[in-house]
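In what follows, a structure is listed as structure tokens, so that the remarks can point back to it.
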Amino acid sequence: MDRATTDRRAFSRRTFASLACGAAAWSAAPSAFSAPGATVWRLATGYPAENFHTVNLVAMAREAELATGGQLRIEVRPGGALFALNAIRAAVQEGKVEAGEAIMSSLVADVPIAGADSVPFITGSYDDAQRLWRIQRPLIEKAFAQRGLRVLYAVAWPPQGLYANRPLGAMADLRGMRMRAYNATTARIATLMGAVPVDVPATELDKALADGRIDCMMTSAVTGVESRVWQSMRYFYEVNAWFPKNLVFANAQAWDALAAPSRDALGKAATAAELRGWAASATAAARSMDELRRNGVKTEPVPYLFSRDLRRLGEHFSLDWVKQVGVGANDIFIPYFDKH
Ligand code: PCA
């Protein structure tokens, strides 16, 4: 446990002691205090507090806290406040923070199979995405365990569509357009589409749109709404290209150091969070589509020629991915396509 955590625990204990007379307040708002001797974890995420993933994380923390009578308290730190999104996995692995959340496509340099969910046009629905996760999960758990990490759960983002500041008829229209990317995987997709990738993390998207730094991007309806995409992009093509997942994980040593009841409570809260999160994703997707339309964004299916180009791109990307990842890719795609 690092110094800051120890200090915070001591502080929380003092706070708790000074408020001990307020037992009623404790039960009404358990997250405001720590029980004496409680373990306090921080969980880093790069997404905004209001995002459905973050809301779900907070609910998991609360559930674990209640189930342990306050013995395990997890403070969720959104918006990249602790570590930038793409640095979270390493920070948790190195024990700089006890737990974190990262989009799986950001993990591919270290764990190539994590990129399976961002191969375009492999999954076309939440059901597909869940099936892919069931196949991927044991492999990810193993790869993570080898790195001293413990997988808690994963939840998909809504389907990825294409936003643009002008109407698009075919892939060729993207040539030279500045396409927002947020990691190497999305930069590669942008390049394959003929666009020029511009790195913009989710936390800076609103500003990049306001500043006119990007002409197009592939993301969900949810992120479009959260970044007020209509500031500069009024076309949304429902490409349904992939369902990227956020993975939530803990440092294995921190996990092992938990008292057995806390470990059990967190495991259960994580299972519940996974179930709740997938449902929340679908609900947020539908709500966000309405919100986009209300704000003047045209939501359209892709023109035929464009969709044909996109399928080709998907095939190209898949083949490349399988070649690059090797055996691990077959371990995922063979069972996935077998049952398709
Ligand atoms: N929103 C996140 C990741 C995928 C998504 O839908 C983003 O655009 O950064």
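Values computed for the structure shown
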{"read-out": "Restricting the range 137-158 to residues that are outside any strand (DSSP E or B) and buried (at least 22 other Cβ atoms within 10 Å of the Cβ), the residue that is nearest to the chain's Cα centre (by Cα)", "value": "157"}
{"read-out": "Residues within the range 37-54 that are modelled with pLDDT of 95 or more, more than 12 Å from the ligand (Cβ to nearest atom) and open to solvent by 10 Å² or more (accessible area, probe 1.4 Å), tallied", "value": "4"}
{"read-out": "Hits in the range 64-89 - residues which are in a helix (DSSP H, G or I), within 16 Å of the ligand (Cβ to nearest atom) and closer than 26 Å to residue 268 by Cα", "value": "85, 88, 89"}
{"read-out": "Yes/no for residue 219 being within 30 Å of residue 254 (Cβ to Cβ) and either within 16 Å of the ligand (Cβ to nearest atom) or at pLDDT below 95 (or both)", "value": "no"}
{"read-out": "Some residue of the range 276-283 being away from the ligand (no atom under 16 Å from the Cβ) and either closer than 21 Å to residue 62 by Cβ or at pLDDT below 95 (or both)", "value": "yes"}
{"read-out": "All positions within the range 256-282 that are over 16 Å from the mean Cα position of the chain (by Cα) and not charged (D, E, K, R)", "value": "257, 258, 259, 260, 261, 262, 265, 266, 267, 269, 271, 272"}
{"read-out": "Close pairs (6 angstrom Cβ cut-off, 6 or more residues apart or separate chains): under 22 Å from residue 173 (Cα atoms) in the range 194-205, at pLDDT 95 or above and charged (D, E, K, R) anywhere", "value": "194/175; 196/178; 198/178; 198/180; 200/180"}
{"read-out": "Helices (runs of 4 or more DSSP H) contained entirely in the range 163-226, each with at least 1 residues that are within 23 Å of residue 115 (Cβ to Cβ) and basic (Lys, Arg)", "value": "184-192"}
{"read-out": "One residue from 194, 176, 148, 169 being within 28 Å of residue 91 (Cβ to Cβ), of a type in the set (Gly, Ala, Ser) and more than 13 Å from the ligand (Cβ to nearest atom)", "value": "148"}
{"read-out": "Residue under evaluation residue 189, criteria (1) more than 17 Å from the chain's Cα centre (by Cα); (2) within 15 Å of the ligand (Cβ to nearest atom); (3) open to solvent by 20 Å² or more (accessible area, probe 1.4 Å); (4) in contact (Cβ under 8 Å) with a residue 60 or more places away in the chain, criterion not met", "value": "(3)"}
{"read-out": "Members of the range 88-106 that are surrounded by fewer than 24 Cβ atoms within 10 Å (Cβ to Cβ) and under 16 Å from residue 185 (Cα atoms)", "value": "105"}
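The values are calculated or read from the model by the stated rules, or taken from the named source; none is laboratory data. Given the structure is predicted, the values throughout are model-derived calculations rather than measurements. Virtual Cβ from ideal backbone geometry, glycine too; neighbours counted across all protein chains shown. Areas reflect the complete protein model, heavy atoms only, side chains present, ligands, DNA and RNA absent. Shrake-Rupley method; radii C 1.70, N 1.55, O 1.52, S 1.80 Å.
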